[in-house]
1. Quick one: D335 ticks every box in (1) more than 14 Å from R402 (Cβ to Cβ); (2) of a type in the set (D, E, K, R); (3) in contact with a Leu (Cβ under 9 Å, 6 or more places away or on another chain) except a single one, so which number is it?
2. Mind checking which residues of region 712-764 are at pLDDT 70 or above, exposed (fewer than 15 other Cβ atoms within 10 Å of the Cβ) and more than 25 Å from K702 (Cα to Cα)?
3. Here are E323, E334, E388: which of them is of a type in the set (D, E), surrounded by 18 or more Cβ atoms within 10 Å (Cβ to Cβ), within 20 Å of F235 (Cα to Cα) and without any contact (Cβ under 8 Å) to a residue 60 or more places away in the chain?
4. D125: under 30 Å from S458 (Cβ atoms), surrounded by 13 or more Cβ atoms within 10 Å (Cβ to Cβ) and not basic (K, R), yes or no?
Amino acid sequence: MPCINMGKFDGGKIMINKITLKKVACFKEATSLDTDKKVNLIYGLNGTGKSTFSEFLRNIVSHDEKFSNCSIETDNSEDNMKLSSDEQILVYNEKWVKENFYQSPTLKGIFSLSQGNATAKGNIDKANEEKARLDILKKSKEDEKNNSQNDFNRKKATAVNAIWKIKKDYTGGERNTDHFFTGLKGNSEVLFNFVHGLPKPQTAPSKSIDDIKKELSALLDNNVTRINPLKEVIFTGLAEQEINLLKKEIVGSNNSTFSTLVEQLKNSDWVNAGLKYVESQQEPAYCPFCQQQINKEHIISELKACFDKSYEQDKQSLQIIYEKYDQQIDNIVEDTAFTQNDFLKDLSGSYNVALLNFRSAINNNLAIIKSKLNTPSKPVELASVEIEFNNLNAIIKSANDRINEFNLKIEKKDEVLKSLKNIFWENIRLQYDTVLVNFESDKTAFENEQQNIGKEISEIVEKIKEQDKIITEQSKLVSNIEDAVANINNRLLELGIDSFYIIKYDEEKAEYKLVRSNEEDDNIFNSLSEGEKMIVSFLYFIEECKGKEDLKSTNKRKIIIIDDPISSLSHIFVFNVGTLIKEEFFLSSKKYEQIFVLTHNLYFFYELAKAPYKEIKRLKEEEQEKEHKKEFHLFRIVKNSKGSSFVPMKYSEIQNDYQMYWSVVNDKNSQPALIANCMRNIIDYFFGFIRNNALNEVFQKKEFKGNIKFQAFYRYINRESHSDNINIYDMKDFDYASFHEAFQEVFKLAGFEEHYNKMSKIGS
């Protein structure tokens, strides 16, 4: 990958804040690495997931499906998982080496700047400075835009929560208005957008929400049926001749001895009452008027003569009138429909009053008729009941209008429900008008602000492009691939490697080639030792990091991932590679936004961790930690039955390999195969340090050799192969508990039980 060195890039904020791995390789469950530092050092034994970590970051741009459950969080406010055009991740790992060194005998040239054209170099530096200033300004505007978005989001959330109250008030339980919320109850945002989209009614809704509830309760009742109209009150009153009779003076005839007296008294009713008195007396009879003894038959005869047939007929007519009137009153029955139907209940009060008034009026007339029966001679006149009658029937007619309307609604239930739904939401829209008006105002202000800031950002981006153009054009005047060749070869010589070197191979294609001093071989790289391959590939990677992709590309903010660059190196090369990393990536960290280094070697890990601080060992532990945290984050990748995970480390926790092996053995959650391998490494380290034949002496003792359950452990320890898992799983009598027991027995029989007891406490 061709690159060009464009000087220092003084970046600001780190690019990656969080890396999460999930459901890939040994990362079974979600585990995250959180960081706020530029330099991040990660220690992990082989097989714990270091390669998976580096490959995920290497494939961020390509979006490999294998890493679909993994993610990063960046300082890019627009999209965490997406790198911007000025951002780049460079990864050194085994796959990078294979792609760049194994697939072709030639290497892509690395472009760098010469110092020959001072004017062009000055223009580039000036353009880089201006671009850096514009980048800061752009980030500031992006933050401003993001803050505006967050502020609007809070205001919108307030409006959404206010509208969500509608759902709480009108749905659930026995609330029949729940019928209007189909598709709107599950999400507050959906409900808000629906209400926000409703047009504001120009006039007040035709029904209130209470009215709607009443209608709904009837319409949504599964047992609801048509309602028969109410019967109007029928009351004919009296015929004209009956009314005239009431007005008539009903008196007796003139064909009696007493007729003259009755006429003079003008009280035939009194005389008629006297007749009934005489008729009821026993002999001897007495006059009802003077109380003298009388001839009963004669008196009765004369008194009856006063009341002829016409009189009796009128009296009978009066009785009929009374009964007729009373019967009409009895026919007036209270209708219960007003209390049984919700939509009529508001008429119930006026109906009861009208019915009471009408009954009172006709009962008064009935009393008048009754008085006429008692005193036929006295004319009477009934009061008019037309007003009370008409009022009562008017209310009944109003009820029937509603009943007819209700029956029509039953016939067209779906249409009515739709209409009620529309009226319901009209009520709601008016009720929450203030909330929506305020939100609309906030939205308009927000959109205007976003538009203005977006315009400013676009203008800044155009200015950045102008500086990129200057850098590109000026770079053409001073670019070369020779400097990178010289740098790599000089580094090789510094490391004592002179058996091969790198040359410029094709000027036009800008390619390099590895060559030996006295050989022509297209496959030089394949013939190198593993250590030499590692060294030359890493030197090439360093030059790649210092440059850029090609002459046309501009500087990018870079994140560097270095995955175990010393796996096949001797200790002297380990130290040299560590020095290279410190000089290029740590002490010149302003060139890069962020650095991640992964290793399985604790010595290498420790050397990198103490790099910037020559006097750090002289500080107290707590002061060491304080100083170290200023620049570094330390992590460990641990692996157990639940998978791999990231664990933050303190500087004081860094141990050597021997201690680390003990911590794995003492961790009950470690994988069995890993425990067994660490046991073998511990025994190799310890007894190799004491004397080699000490271990054989232990294995020959009867306490060990005679114990059959220790034999699997013995065979495993003595295997030279590194295919540990295969060796283990091929042993049918393998038992991890026995391994632990045998492991302890080795130290006991060798006379180092105290050492075993001490080391067994590490990490437990």
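1. Exception for D335: condition (1).
2. K758, K761
3. E388
4. The answer is yes for D125.
The values are calculated or read from the model by the stated rules, or taken from the named source; none is laboratory data. No experiment lies behind these values; they were computed from the predicted model shown. As a convention, Cβ positions derive from the backbone with ideal geometry for all residues, glycine included, and neighbour counts pool all protein chains shown.
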